[in-house]
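My questions will all concern the structure given below.
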Amino acid sequence: MGNILTIAKRELKAYFGTPIAYVFLAIFVALTGVFTFFIGDFLGRGVADLQPFFQYHPWLYLMLVPAISMRLWAEERKSGTIELLMTLPVTTTEVVIGKWLAGWVFLGLALVLTFPIWITVNVLGDPDNGVIAASYVGSFMVAGAFLAIGACMSALTRNQVIAFVLAAVVCFLFVMGGSGMVLDAAAGVLPDVVVQAIGNMSAMVHFDNIARGTLDVSDLTYFVSLTVFWLFANVLTIELKKAD
C-alpha cells in the first residue's frame, strides 16, 4: 500500500507541475455550469434538483477523462522513463493502481469544485440532498471506470493522441450501449437475452439508476467490476510490453 501511495503522490505532483491540471479543472467546472444553467435550463425548470447537472456528466467524462488518462503510460513510453520506473522495487500492479488512483483523486477534486452548484440549489429551494449525494457517488464511480479504460488504452501506445482516441471510442461504446437507438437496432437481429445483456453493459444505465437516488449493490458492483477489469487489462498490457 505504501508503494501505491508513493506512486500516486508522484503522479499528482506531475499533474500540477503543468498548466494542464488547472486548465482541465477550469474547463470541467465551466462546462458543468453551462450544461446545468443554460442547456439544462436549471432556473427555467422551477424544480429544486440537480438532474440537469448530473445527466451530462458521462458525456463530459467521455472527452475529458481520456485527456487526463492519455499521458499516464504513453508519456512514460515516449520519454523512456517507463524502463526506469519498472526497475524500482515495486510491482506492475502497484504502479498501475498508483497511477490510476492519482487520476481518480484528481477527478474527485474536479467534482468537489462543483459543490457551489449544490449549495446554490439548496439556497433556491428544498432539494432531496440524499439523491444529490448518491448522484455524486455515481459520477465519481463513472469517472473511475472511464479512467481505468483510458489508462489501459494509454498503455497500448506511446502516442498520446492515439491513446486519447482509443479511450474516447471505448468509453463511448459503454455510454451508448444502453441507448434506445442501439437497443432497438440490436432487437431486430439479436435474441432478447443478448439485447438485455448489451443494455446491462451500459455505464449510462447504471449511472441513471444511481442518479435517481438508489445506491443499488448491482450498480455499484458494475462500476467496481468494470474498473477492476480494465486495471487488470492495464497490468497485463504492461507485462506483455515488458516481454517484447
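Restricting attention to the stretch 158-181, and to residues there that are under 21 Å from Thr227 (Cβ atoms) and part of a loop (DSSP other than H, G, I, E, B), which single residue is modelled with the lowest pLDDT?
Of everything passing the filter in the stretch 158-181, Gly178 is modelled with the lowest pLDDT.
Mind counting the residues in the stretch 101-139 that are under 21 Å from Ile7 (Cα atoms) and free of Cβ contacts under 8 Å to residues at least 40 places away in the same chain?
1
Let me ask another. Restricting attention to the stretch 14-62, and to residues there that are in a loop (DSSP other than H, G, I, E, B) and out of contact with any helix residue (DSSP H, G or I) (no Cβ under 9 Å at 6 or more places or on another chain), which single residue is modelled with the highest pLDDT? Lay out the reasoning, then the answer.
First pass over the stretch 14-62, keeping only residues in a loop (DSSP other than H, G, I, E, B): 17-19, 40-41, 46-50, 55-56.
Going one step further and asking which of them are out of contact with any helix residue (DSSP H, G or I) (no Cβ under 9 Å at 6 or more places or on another chain), we end up with 17-19, 46-47.
On the way: Gly17: 80, Thr18: 79, Pro19: 83, Gly46: 65, Val47: 68.
In this case the residue turns out to be Pro19.
Give the stretch 182-218 a look and list any residue that's at pLDDT 80 or above and part of a helix (DSSP H, G or I), or say none.
Ala203, Met204, Val205, His206, Phe207, Asp208, Asn209, Ile210, Ala211, Val217, Ser218 - these are the residues of the stretch 182-218 that are at pLDDT 80 or above and part of a helix (DSSP H, G or I).
Further, regarding this structure: Yes or no: Ala155 small (Gly, Ala, Ser) and more than 20 Å from Phe54 (Cβ to Cβ)?
Answer is yes for this residue.
Out of the residues in the stretch 123-140 that are at pLDDT below 85 and either exposed (fewer than 14 other Cβ atoms within 10 Å of the Cβ) or within 21 Å of Ile27 (Cα to Cα) (or both), state the one that is nearest to the chain's Cα centre (by Cα).
Taking the stretch 123-140 as the starting set, the residues that turn out to be at pLDDT below 85 are 123-128.
From what's left, either exposed (fewer than 14 other Cβ atoms within 10 Å of the Cβ) or within 21 Å of Ile27 (Cα to Cα) (or both): 123-126, 128.
Values: Val123: 29, Leu124: 30, Gly125: 30, Asp126: 29, Asp128: 25 Å.
That would be Asp128.
The values are calculated or read from the model by the stated rules, or taken from the named source; none is laboratory data. Just so it is clear, the model here is predicted, and its values are computed rather than measured. For neighbour counting, all protein chains shown are included, and Cβ atoms are generated from backbone atoms with ideal geometry for every residue, glycine included.
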